[in-house]
1. Got a sec? Which of 78, 70 is of a type in the set (Ser, Thr, Tyr) and in contact with a strand residue (DSSP E or B) (Cβ under 6 Å, 6 or more places away or on another chain)?
2. Restricting to the range 11-28, and then to whatever is loosely packed, with under 14 Cβ neighbours inside 10 Å and part of a strand (DSSP E or B), can you tell me which residue is modelled with the highest pLDDT?
3. How about the range 29-83: which of its residues are at positive phi and either at pLDDT below 95 or not hydrophobic (A, V, I, L, M, F, W, C) (or both)?
Amino acid sequence: MKLSKCQSLKQVPDMSGAPNLKKLHLDSCKSLVKVHNSVGFLEKLEDLNLNCCTSLMVLPRGINLPSLKTMSLRNCTTLKNFP
């Protein structure tokens, strides 16, 4: 799923209804502040791109992503913690 450059996206919604999602690209979503906890439990997710989400402050607390191969967080300058 590619939602790159969605300037008005402030929060990733509940993604638990997409358990087979393999790619989630949210790069350059400048208003994105929070990623919903459900993203941390997408067991088939292989690629998570959050590059240049300059307002991103919160990632899911618990991350169980056994299939994850790539996670990109470059230029997430306001990120407060990494689980």
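The values are calculated or read from the model by the stated rules, or taken from the named source; none is laboratory data. All values reported here derive from a predicted model rather than from experimental measurement. When we count neighbours, we look across all protein chains shown, and the Cβ atoms used for this are built from the backbone with ideal geometry, even at glycine.
1. It is 70.
2. 23
3. So in the range 29-83, the residues at positive phi come out as 52, 75.
Within the range 29-83, 75 is the sole residue that qualifies.
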